[in-house]
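The values are calculated or read from the model by the stated rules, or taken from the named source; none is laboratory data. What you see is a predicted model; the values in this text were computed from it and never measured. For neighbour counting, all protein chains shown are included, and Cβ atoms are generated from backbone atoms with ideal geometry for every residue, glycine included. These area figures cover heavy atoms from the full protein model, side chains too; ligands, DNA and RNA do not enter into them. Shrake-Rupley method; radii C 1.70, N 1.55, O 1.52, S 1.80 Å.
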Amino acid sequence: MTAPYPLFPVPIPDRVAALIGSCIPPHILRAEFDAACAAREVRRFRGPLLCTEDQADREQALAELARANKILAAHHPRLPVRPGSAW
């Protein structure tokens, strides 16, 4: 069902975010942060012609993303981060 009006994102107060974060195990929060950083790095190295160093950096970021996603998927199947997602 769709809303009759557009939905706008509402900022979450810091205290509410801290309360939500306190309910999630620390290793999951760390994996989520690592996955978001790795996905951002993967998006940086786009293009058909990358130098050898950039290819190595992209492969490293993909490995870090895969490692973090493995932890996130073990906790909940919808948590893994994709390089092209909004995360």
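Need one word for region 15-87: rounded, prolate or oblate. Basis is the Cα gyration tensor (sqrt eigenvalues a ≥ b ≥ c); a/c below 1.5 gives rounded, then a/b vs b/c decides. Each step should come with its number before you reach the end.
Numbers: a/c = 2.80, a/b = 2.34, b/c = 1.19.
The shape class here is prolate.
For the chain, a Gaussian network of Cα nodes joined below 10 Å ranks ALA63, ALA35, ALA17 by mean-square fluctuation, and the top entry is ALA17. By accessible area, using a 1.4 Å probe on protein heavy atoms only, the chain has 61% of its surface on carbon and sulfur. For region 9-54, applying the loop criterion from DSSP together with a ceiling of 12 other beta carbons within 10 Å to the trypsin sites (Lys or Arg not before Pro) yields ARG46.
Relative to the dominant Cα principal axis of the chain, helix 52-75 is inclined by about 30°. Springs join every pair of Cα atoms under 10 Å in this Gaussian network model of the chain, and among ILE71, ILE20, ILE28 the largest mean-square fluctuation is at ILE20.
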